[in-house]
Every structure is written in structure tokens, then in C-alpha cells.
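The structure appears right after this line, and notes come after that.
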Amino acid sequence: MRIGVLTGGGDCPGLNAAIRAIAYRAWMRGDEVYGFREGWAGLLGEGNGHLLSEDEIGGILHLGGTILGSSRTNPARDEDEMRQVEENLRRREIEALVTIGGDDTLSVSAKLSERGFAVVGVPKTIDNDVPHTDYCIGFDSAVAIVGEALDRLHTTAEAHRRIMVVEVMGRDAGWLATTGGIGGGADLIIIPEEPISIEKVIEHVQHRMRARSFSIVVVAEGAIVEGLASSAVATEVDQFGHPRLSTRGIGTRLAEELEQRTHVEARVTVLGHVQRGGSPSMFDRVLATRMGAAAVDQVHSGKTGVMMAAQGLDIVPVPFADVLGHNRTVDRRFFRLVRQFVLAGERDGTAK
């Protein structure tokens, strides 16, 4: 067979590990692998891609980013562009396509599958919000970045008796803020799933300052703080209609409000694209390898129109139809446990 592969949406650690696994597994089966550059943009116009070689794939397991490049191009918004995608696949004699991406990339994959083409998806997103999979490629690596940042910020916050507000990624789901926050010892975590009033935030931070003289607040970029004055609204959108939350500045506004109302110096750290960069963790390398290899096996089974999902110790196929249209949000039971540990730390003075 000749199998195509592309990486779409935001980059993250582990993409190259997945590309490598797809290529090696395909070559073991006697297949050719054709890489399309810049995500779905590589399938528009005359197309942009090439047959992958062993020299190109060797040594990329530990590298961040993606050797194929990526973009947030959305051909599904235009019928002519979807025809261009199909024509490029036919012209290059691609028999099946493996797409590595988040919910947007998977939504285009589903549209292409509905049009009769063989497509298998591999989930990646540091937000970890794709349904029916316990983990997405890139999440574990990004959590480690958040945790390390919080470890470093604790020392400077304590030295200067400051409030530190740390803004992390997370449009609709707070997995990154929650997991990184509890692992890094944050004393308040604000996520999209659990709106909170500015009064509650102030009350919590003041209580913490009385107990320990410094405070670390983690806020997801898509979180809602009710009553936050002059909160900026993100107006720029990408091709999938998502607002650019980096322009919203919730971390900056929250730090300004806290300083104004508590009279304690507050600083903001926006981790931004640092969370997407660097080498993948060992977990992400293994996860990407397993998912990539499983995607090729799924193509050869003839049962496409699915996403490979990590469920427990297994990698299993899940139909696109079951994945699209909703996000996997933080389980309320997990978040309640987080708050219990935070409150316990406040009571006995053991919070980091």
C-alpha cells in the first residue's frame, strides 16, 4: 500500500515519534509512506509532500515539533478545497491516510471518511480533551513543563511574598491546569469547567497569604472568572472558528485585579507556547509509538473511519462519529479531590 500521513493543528512533543512509528510499521508491511507538509494545506492546490525515507525518519524519536510541519488549515469549510484534497490523494495514489491531530484535524478526517476515503486518526493535543481516549499525545510532556514552572515560581514567590498567577493553555478543558497545578503545588486552580467569582478568588488568596505569605494561582486560558473587571474578549478566530485566547489575557487581568484589591504585589507568567516545545516525555514517546503502529495495523484491517484511542492498557479504534461534537472535560470528582488537598494544605500549613 501507499499510506499518507500528516500532522495538523498546534504542534506538541511526540508528533515525530508518531510519524516514525507509522513509517517503520508501514515499511515492515512492505508499504510506502507519503508525508504531506503543513497539515491539510499540503493537500490543497498542487499539493506539497514527498515519499518518506529511512534517512529522514531515523533519529527523530526524541525531537519536538514535527518534521512535516503543521497548520490550522480547514478544507472542510469549502467544497472546492475538499475536492482538491481528494484529487491530491488520487494523483499520488494514496490508498489510506493517517492524520495526527486534535479535534479540528479529526473533524476534517471524518468528513473525508464520509466521502469514501480510508482515514485513521491519531489524537494529539496538550489540552487532552479528545473524547474516548485517556491520553492524547503531547499532554504528558506539557504537564511536565507546567509542573517545572510552578516549582521554579514557588521559590521567587516565597522570597518576595508575592502572588503569582500562571496562565496555561486549555480552551474548553482544564486537564493541563488541573494536573500540572496539583502536581506543582498550586493553591488555587481555575478551569473552564468550574467558573468562579472574583470575590471567591480574592477570599481564597487572602486566606492563603495570611497562612503562608505567598500564593500560586493557576488559570486556564479559557477559564471564566465572574466579575473580573474589563476582561478582554478574544476577537480573532482561526479557520475552525476558535477565538485566539492568547489575546484574551485572562492571566494578566487576574493578576492586576488581585494586586489592586489585596494590595499585595502580583505577577503573571504566561507559559504560552513553551508548553508545546521541547522533547517529548518517555510516556509520550511510547504512547505515540503505540498509536502510530496501531494506526497502520488498522489501515490494513480495512476498518477505517476511526481514531486510535488509549483506553487503560489498550490502544483501540473508536469511530469518528463517537469522537466529534463534544470535548472530554475534567471529571468533577477529580477536581473536587484537588480542592480537598488544597484546603487540607491550608489548614495544616503543609501546602507547598
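The values are calculated or read from the model by the stated rules, or taken from the named source; none is laboratory data. These numbers were taken from a predicted model, which means no experiment stands behind them. In this analysis, Cβ positions are derived from the backbone assuming ideal geometry, glycine residues included, and neighbour counts consider all displayed protein chains.
Observations, loosely collected:
- Those residues of the range 51-67 which are under 22 Å from SER109 (Cβ atoms) and surrounded by 15 or more Cβ atoms within 10 Å (Cβ to Cβ), in sequence order: LEU52, GLY65, THR66, ILE67
- Of the numbered criteria (1) surrounded by 19 or more Cβ atoms within 10 Å (Cβ to Cβ); (2) more than 15 Å from THR105 (Cβ to Cβ), the one ALA41 fails is (2).
- Residue that is modelled with pLDDT of 95 or more, closer than 21 Å to LYS111 by Cα and either of a type in the set (Gly, Ala, Ser) or assigned to a helix (DSSP H, G or I) (or both), where the choices are ALA288, ALA309, ALA293: ALA309
Per-residue answers, yes or no, for (1) surrounded by fewer than 24 Cβ atoms within 10 Å (Cβ to Cβ); (2) in contact with a Lys or Arg (Cβ under 7 Å, 6 or more places away or on another chain); (3) assigned to a loop (DSSP other than H, G, I, E, B); (4) modelled with pLDDT under 95:
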| position | (1), (2), (3), (4) |
| --- | --- |
| GLY10 | yes, yes, yes, yes |
| ARG25 | yes, no, no, no |
| TYR34 | yes, yes, no, no |
| GLY69 | yes, yes, yes, no |
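- Residues in the range 193-226 that are of a type in the set (Lys, Arg) and free of Cβ contacts under 8 Å to residues at least 24 places away in the same chain: LYS200, ARG210.
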